[in-house]
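J.: Here it is: the structure, laid out below.
The values are calculated or read from the model by the stated rules, or taken from the named source; none is laboratory data. If you're wondering where the values come from, they're calculated on a predicted model, not measured in any experiment. Every residue, glycine among them, receives a Cβ derived from its backbone with ideal geometry; neighbour counts consider all protein chains shown.
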Amino acid sequence: MTRKTMKRILVTGATGQIGSELAIELRRKYGNHNVIAAGHKRAPSDKLFQSGPFEYVDVTDKASIEKVVRKHDIDTVYHWPLFSQLQVNKTRSLLGMST
């Protein structure tokens, strides 16, 4: 069986706390230009914006998502809507990040 390699990753909710940290960690692992951070209204932090591609995306608008997926040849999506602090700490722990 052939194993598919990950081409490009889209991280929605990347202007939030866990989404921004996840995008930066994934960029370290897969390369800055292979991870596209996306947010809806809030501007990305300087660190996130300077570390790789960023797109404004409305996840409630199918055309908005499709446009970014096609533009960047996305094959993997991490969807990170707003989370509570408890969920953030648990996720960070699972990813091996300090809480």
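J.: For residues that are more than 21 Å from Lys67 (Cβ to Cβ) and charged (D, E, K, R), scanning just the stretch 1-42, find the one that is modelled with the lowest pLDDT.
T.: Looking at the filtered set, the residue picked out is Arg3.
J.: Residues that are among the aromatic types (Phe, Trp, Tyr) and more than 14 Å from the chain's Cα centre (by Cα), at least 3 per element: which helices (runs of 4 or more DSSP H) completely within the stretch 1-79 meet that?
T.: Numbers: elements: 17-30, 46-51, 62-72.
Qualifying helices (runs of 4 or more DSSP H): none found.
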